[in-house]
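Readers should treat all values here as calculations from the given coordinates under stated rules, not as data from a laboratory. Note that the coordinates shown come from a computational prediction; the quantities given were computed from them, not determined experimentally. Neighbour counts are summed over all protein chains in view; Cβ atoms, including those assigned to glycine, are modelled from backbone coordinates with ideal geometry.
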Amino acid sequence: MKAILFDEPGPEEVLYWGDAPNPPLLPGTVRIQVAATALNRADLLQRQGLYPPPPGASDILGLECSGVISEVAEGISGFSTGDRVMALLPGGGYAEQVVVDAGSLMHVPADLDLVDAAALPEALLTVYLNVFEIGRLQEGDWLLVHGGGSGIGTAAIQMARAIGAHVVVTAGSETKCRRCVELGADLALNYREGDFAEGVREATGGRGVEVVLDSIGGPYLEANMKSLALDGRLIMIGLMGGARAEMALGPLLTRRLSLIGSTLRTRPPTEKAALVEGLQSRFGLALEEGRVRPIVDRILPVDQADAGHRVMKASDHFGKIVLKVS
């Protein structure tokens, strides 16, 4: 098969479309002929040698894909050859074929374009795990999401609104802020124009938000804590802004706040299967009805993966960047 490869970590130019061995079909897995994959920040880190794949995972980039099942291992139920599916992957998505644990698969809704579907698995499951399973967001609660124009941000806006929760996001331009509000955010704050914590407290009548979903890390820690309501939960899923911070710990105690770190990629297949089941149970109807849908900024041919990485690095996108494979 063909895949996007790199021989040594480095800048975008190290990526190339070359030959790779077909992944073997293992017990409990299915083979997918990949239609498309989508970019994630983790891909950029892995390309630079900063985020190695977990043990046993493909060293090919790509944490999600869509496509058609071409082969099914014995004993698999619920999926057949020819099914249109989308999948969460521990790696391997930038390729013509992937083999993935059947528990990480979801059927693509009938009315959803197969290529666009590649933009869903990682964002939906990241938000479901962190905002709803760990963060326990409920109807009427407030959620703060940083990077409202990202794949995770656009998914979080839709999923929170689908259950009747309120959403505040931050974004880096007025255009992105406007588009977040059009998508359903109650308020979008340009983080370049002041203290987002003050805007959050004002929007919530001084109460604060029940859940913060943060991928920035150190520089936002104190403001995130100030943004939380009593018993609020800060879920940290990335460190794009830095890994170190200093803050007063008193409010953590007096306001009973929780600071929780979380990752999805390294979780075992059984946990991922449970997350897929939970996501489908809670949001399957919203997906079928299009109330939660992929927000795709652009679709590029897979051999232009380097261009996609440059766009993501510059944060010049709104929603997901998709690579069309076949």
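Okay, here's what the table says:
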{"item": "Gyration tensor (alpha-carbon) shape descriptor, segment 1-149, a/c threshold 1.5", "result": "oblate"}
{"item": "Whole-Hz ³J(HN,Hα) from phi, Karplus 6.51 cos²θ - 1.76 cosθ + 1.60, for segment 57-69, glycine and proline x", "result": "7, 4, 8, 6, 5, x, 9, 6, 7, 10, x, 10, 5"}
{"item": "Amide proton proximity set for VAL292, modelled H, under 5 Å, gap of 5+", "result": "LEU287"}
{"item": "Surrounding net charge for SER173, when Lys and Arg each add one and Asp and Glu each subtract one, Cβ distance under 13 Å", "result": "+1"}
{"item": "Cα centroid separation - segment 1-66 against segment 265-305, whole Å", "result": "18"}
{"item": "Whole-Hz couplings from phi, Karplus 6.51/-1.76/1.60, listed for segment 238-252; x for Gly and Pro", "result": "x, 9, 4, x, x, 9, 10, 7, 9, 7, 6, 8, x, x, 4"}
{"item": "Net charge of Cβ neighbours under 15 Å - reference ALA248; Lys, Arg +1; Asp, Glu -1", "result": "0"}
{"item": "Karplus-derived HN-Hα couplings along segment 223-237 (A = 6.51, B = -1.76, C = 1.60, θ = phi - 60°), whole Hz, x at Gly and Pro", "result": "5, 4, 4, 5, 7, 7, 7, 3, 6, x, 10, 9, 9, 9, 10"}
{"item": "The chain, relative contact order in percent, only Cα pairs under 8 angstrom and at least six apart counted", "result": "19"}
{"item": "Fraction of beta bridges assigned by DSSP in the chain that are antiparallel (%, nearest 5)", "result": "50"}
{"item": "Protection proxy ranking, peptides 281-287, 310-316, average beta carbon neighbours within 10 Å, highest first", "result": "281-287, 310-316"}
{"item": "MRE, 222 nm, helices only [DSSP H, n ≥ 4, -39500 (n - 2.57), over the chain, to nearest 500]", "result": "-8000 deg cm²/dmol"}
{"item": "Among 147-160, 34-47, the order from most to least packed when residues are scored by Cβ within 10 Å on average", "result": "147-160, 34-47"}
{"item": "Sorted by Cβ neighbour density within 10 Å, fewest at the top, the residues TRP17, TRP142", "result": "TRP17, TRP142"}
{"item": "Enclosed volume per residue, in Å³, of the convex hull spanned by Cα atoms of segment 126-261", "result": "93"}
{"item": "Spin-label pair GLN280/SER262, simplified geometry with 7 Å Cα→Cβ offset, distance in nm", "result": "2.1"}
{"item": "Total formal charge among the other residues, if their Cβ is under 13 angstrom from that of VAL325, Lys/Arg +1 and Asp/Glu -1", "result": "-1"}
{"item": "Span-rule helices in the chain, defined as complete DSSP H runs reaching 18 Å or more along the axis (Cα) with Kyte mean at least -0.5", "result": "269-289"}
{"item": "Gain upon complete extension [ALA248, ALA314; 0.36 nm per residue less C-alpha separation]", "result": "20.5 nm"}
{"item": "Ordering of 122-130, 268-276, 94-102 by packing [mean C-beta count within 10 Å, highest first]", "result": "122-130, 94-102, 268-276"}
